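What follows is a set of notes on a single structure, which appears directly below.
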Amino acid sequence: GQYANVIYLSSFDNMTMLEQATWMSNVDILISPHGAQLTNIPFMPDNGAVLELSPVGIYQPNWFGSLAGTSDIRFAVLYTGANQTEETQIWMTSVKRKEQARRFGVCPNLNYVIKAVAQMLEDWRERTCPTVK
């Protein structure tokens, strides 16, 4: 329809694979931190979109971006640190450093999130409801 529902889910913990796939099949636009839950992208409906929030020191846009691309899902990554180039050079140097970086919280600039989601909503409307303005 013309309106979007906002549903909060903190984790797929304690959900079966079928429950995860079913949940994702009802999500048109997903905002999610970088993590294994994004492997469920292929279960999203056609024309869906994902905004991945990348923590400080972690920036791998092709990791889940390629999965989204093969699933016809729009995809964007928002790096949540202060200096992507400098911080990823520090934290992406070894497996141990990457594991440490994964413990950082994800605190995005909300203005960037709002702008990205607004664009995703507009794109979604154009693809799914071409006559609705």
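Couple of notes before you dig in:
- Every residue from region 62-76 that is farther than 18 Å from residue 108 by Cβ and open to solvent by less than 60 Å² (accessible area, probe 1.4 Å): 67, 68, 69, 71, 73
- Which listed residue, of 27, 50, is outside any helix (DSSP H, G or I), crowded, with 18+ Cβ neighbours inside 10 Å and free of Cβ contacts under 8 Å to residues at least 24 places away in the same chain: 27
- Residue in region 114-121 that is over 20 Å from residue 6 (Cβ atoms) and not basic (Lys, Arg) present: no
- A Cβ distance below 8 Å, combined with a sequence gap of six or more or placement on separate chains, defines the contacts here; from region 94-120, residues that are of a type outside the set (S, T, N, Q) reach residues that are in a helix (DSSP H, G or I) in the pairs 97/90; 97/91; 98/91; 101/91.
Condition check ((1) hydrophobic (A, V, I, L, M, F, W, C); (2) surrounded by 11 or more Cβ atoms within 10 Å (Cβ to Cβ); (3) in contact with a Pro (Cβ under 8 Å, 6 or more places away or on another chain); (4) in a loop (DSSP other than H, G, I, E, B)) across all residues:
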site: 78; (1), (2), (3), (4): yes, yes, yes, no
site: 82; (1), (2), (3), (4): yes, no, no, yes
site: 86; (1), (2), (3), (4): no, yes, no, no
site: 89; (1), (2), (3), (4): no, yes, no, no
site: 98; (1), (2), (3), (4): no, yes, no, no
site: 104; (1), (2), (3), (4): yes, yes, yes, yes
site: 120; (1), (2), (3), (4): yes, yes, no, no
site: 123; (1), (2), (3), (4): no, yes, no, no
site: 131; (1), (2), (3), (4): no, no, no, yes
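- Pairs are defined by a Cβ separation below 8 Å, a sequence spacing of at least 6 or placement on different chains, a first member in region 61-72 that is over 12 Å from residue 34 (Cβ atoms), and a second member that is among the aromatic types (Phe, Trp, Tyr) and modelled with pLDDT of 90 or more; the pairs so defined are 68/75; 69/75.
- Candidate set from region 64-76 (those that are outside any strand (DSSP E or B) and not polar (S, T, N, Q)); member that is nearest to residue 49 (Cα to Cα): 73
- Inside region 10-47, residues that are touching a helix residue (DSSP H, G or I) at 6+ places or on another chain (Cβ under 7 Å) and either small (Gly, Ala, Ser) or modelled with pLDDT under 90 (or both) make up a count of 4.
The values are calculated or read from the model by the stated rules, or taken from the named source; none is laboratory data. Model, not experiment: these values are computed from the prediction. Methodologically, a virtual Cβ is constructed for each residue, glycine included, from the backbone with ideal geometry; neighbour enumeration extends over all protein chains shown. Protein only, heavy atoms only, side chains kept; ligands, DNA and RNA dropped before computing areas. Shrake-Rupley method; radii C 1.70, N 1.55, O 1.52, S 1.80 Å.
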